[in-house]
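A short reminder: the numbers here are calculations on the coordinates, not readings from a lab. Only a predicted model underlies this, so the values are computations on that prediction, with no experimental measurement involved. Note: ideal-geometry Cβ built from the backbone for every residue, glycine included; neighbour counts use all protein chains shown.
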Amino acid sequence: MNIGLIIYSQTGNTRSVAEKLKAKLSSSGHSAVIDEIVISGNSPAQPGKFELKIVPDHGSYDSVIFGSPVQAFSLNPVMKAYMEKLPVLTGKKVGIFVTKQLPLLQAGGTGAIAHMKKACEAKGANVVGTEIVVWSEKKRDKTLKQCVENLSKLF
Ligand SMILES: Cc1cc2nc3c(=O)[nH]c(=O)nc-3n(C[C@H](O)[C@H](O)[C@H](O)COP(=O)(O)O)c2cc1C
């Protein structure tokens, strides 16, 4: 299966999860490509103060995994902007993950996942799995491994 890992990463955490996913999916015989959203403008991105410079097109992938950081207790504004432009995903299997720092449940992770899930489902996607990786956790390596296992076995 040809899988696109469409991500936005500001400081590298989300990218490092995508790299591990790519390695796992490739070792299972899939073709996996990391396709990054790139912006021009301020970093960290503030709503209305950046433009999407590179907008990955999921058209050539059989399935997609979207990955994003949490920002300000919500989905990162760059991924929010990308989700608003999302073309039709009818019939495609989709996985979603977010990375975040704060261990609290209220710190934006579940809301960010819900935002992406809703946007993908509105375009006809079959969202098969979602994961949250808390970067500050002592057990981060374990959570990360679990995230990679859980998402990669769905494809
Ligand atoms: C401006 C800004 C706001 C953030 N807000 C939150 C937040 O509300 N909750 C949280 O858990 N982490 C928050 N974080 C931490 C990031 O979500 C976390 O470091 C993430 O893994 C970064 O991913 P990246 O390295 O791929 O950019 C914030 C980071 C930045 C820079």
* With a 10 Å Cβ neighbour count serving as the proxy for reagent exposure, in which order, fewest first, do 35, 57 appear? -> 57, 35
* Structure fact -> GNM on the chain, Cα springs under 10 Å; top mean-square fluctuation among 96, 34, 65 goes to 34
* Asked: Based on the alpha-carbon gyration tensor of segment 1-61 and its eigenvalue square roots a ≥ b ≥ c, which shape applies: rounded if a/c is under 1.5, prolate if not and a/b is larger than b/c, or oblate?
  -> oblate
* To do: Take every DSSP beta bridge whose two residues both sit in segment 2-152, then give the antiparallel share in percent to the nearest 5.
  => 20
* To do: Could you compute the FRET efficiency for residue 110 and residue 60, with r as their C-beta to C-beta distance and R0 at 22 Å, rounded to 0.05?
  => 0.10
* Structure fact -> From fewest to most C-beta neighbours within 10 Å, the residues 138, 93 line up as 138, 93
* **Equivalent ellipsoid dimensions for the chain as semi-axes, Å, which come from the Cα gyration tensor, largest first** => 21, 20, 14
* Considering Cα pairs under 8 angstrom that are at least six residues apart, work out the relative contact order of segment 2-152 and quote it in whole percent. => 23
* Least to most buried among 105, 144 (fewest other Cβ within 10 Å first) -> 105, 144
